[in-house]
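The values are calculated or read from the model by the stated rules, or taken from the named source; none is laboratory data. Because the structure is predicted, anything quoted here is derived from the model rather than measured. In this analysis, Cβ positions are derived from the backbone assuming ideal geometry, glycine residues included, and neighbour counts consider all displayed protein chains.
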Amino acid sequence: MTDIKAFSERVIGNLEKVIVGKRQSVELIVIGLLCQGHVLIEDVPGVGKTMLARSLARSLDCAFNRIQFTPDMLPSDVTGVSIYNQQKNKFEFRPGPVIGQIILADEINRATPKTQAALLEAMEERQVTVDGVTHILPKPFMVMATQNPIEYEGTFPLPEAQLDRFLLRLRLGYPSLADEIRVMDDQQLQHPFETLKPVVKLKEIQKAITEVKSIYISMAIKKYIVELTTRTRQSADVYLGASPRGSLFLARAGQARAALMGRDHVLPDDIKALAVSVLAHRMIVSPAARMRDLSSDRIVHEVILATPVPGGAFSFDIARKISK
């Protein structure tokens, strides 16, 4: 798995030239890429959400499209539209911005539910259908959506069905004092993004995505994942727990993190490190828990602490795999 680790380090190192002091968040983005999943970035304005998406596209040498969601946006503004060509006497498809490789859905919660739903087919099926004609999206395809968690006026909260399509939810947060000073120094004469170059080729991306799927997950780890998601459904503080898709995505993300660390097998630490980012946004906290200011992140943390970590059975399984 050294090839995937080297691939990831090149991408992460390139992103860190622009996104300073956010190693963990950058790693999550690369995990999302390796899993071919979509990422929801929930944070305040000005912390680098858009720049992160642009930097990823340039690092991968992929086509980048930005969709600025507004309340008056129509689904056809996202997917595209068929326009009649009088000279050719036929309709021609004009592709929308969702037909790309790295898609930034900026302030996605400002669009109406009907427009938000236009992304569902693209995110899940990797295709869009306009006027009965299906258009396959290019590979790799990744949606990075952003939303402001502070300002709710004029917004339409994402429904559970759409939240469940996102592999990960993450927050960048404010930089430290030293990192913020470094950002000012780096951008004094020229923005680092202007000098950013691609560091991987398309065939390397596709190879890494394929190889991640072969990372070994023991039966003990699979049971651990399912037990974590099951406990989110059983919690008295939760109205709706994580779905089976949450278990599937947590396993995939665990494989990607293991490969990123240079391992050919998933450890319990991989699952614990990713559980909040993968599961928390799939849950609906009960009204009583919200009254106590209890967040879904906190509930997942409590579930992790309460769930026994695989021990002897896991060690025996890994030892047997290595002996083979």
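Quick rundown of the values:
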| quantity | calculated |
| --- | --- |
| Among residues of the range 124-143, those that are within 17 Å of Arg94 (Cβ to Cβ) and outside any strand (DSSP E or B), counted | 4 |
| Residue match in the range 110-122 (condition: in a strand (DSSP E or B) and surrounded by 12 or more Cβ atoms within 10 Å (Cβ to Cβ)) | no |
| Residue list for the range 236-256, restricted to those being outside any helix (DSSP H, G or I) and out of contact with any strand residue (DSSP E or B) (no Cβ under 7 Å at 6 or more places or on another chain) | Ala236, Gly241, Ala242, Ser243 |
| Qualifying residues in the range 24-46 (those that are acidic (Asp, Glu) and farther than 21 Å from Val200 by Cβ) - the one surrounded by the most Cβ atoms within 10 Å (Cβ to Cβ) | Asp43 |
| Among residues of the range 137-156, those that are over 18 Å from the mean Cα position of the chain (by Cα), loosely packed, with under 14 Cβ neighbours inside 10 Å and in contact (Cβ under 8 Å) with a residue 12 or more places away in the chain, counted | 2 |
| Strands (runs of 3 or more DSSP E) wholly inside the range 47-107 containing at least 3 residues that are within 19 Å of the chain's Cα centre (by Cα) and over 20 Å from Arg171 (Cβ atoms) | 64-68 |
| Test result for Ser214, within 22 Å of Phe7 (Cβ to Cβ) and part of a loop (DSSP other than H, G, I, E, B) | yes |
| Subset tally (residues that are at pLDDT 85 or above and closer than 21 Å to Gly46 by Cα) for the range 112-170 | 8 |
| Residue list for the range 218-245, restricted to those being crowded, with 19+ Cβ neighbours inside 10 Å, within 24 Å of Ile4 (Cα to Cα) and not β-branched (Val, Ile, Thr) | Ser218 |
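Rundown of residues vs (1) at pLDDT below 90; (2) under 16 Å from the mean Cα position of the chain (by Cα); (3) closer than 23 Å to Ser25 by Cα, yes/no style:
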{"site": "Ala236", "(1), (2), (3)": "yes, no, no"}
{"site": "Gly241", "(1), (2), (3)": "yes, no, no"}
{"site": "Gln255", "(1), (2), (3)": "no, yes, yes"}
{"site": "Val300", "(1), (2), (3)": "no, no, yes"}
{"site": "Gly311", "(1), (2), (3)": "yes, no, no"}
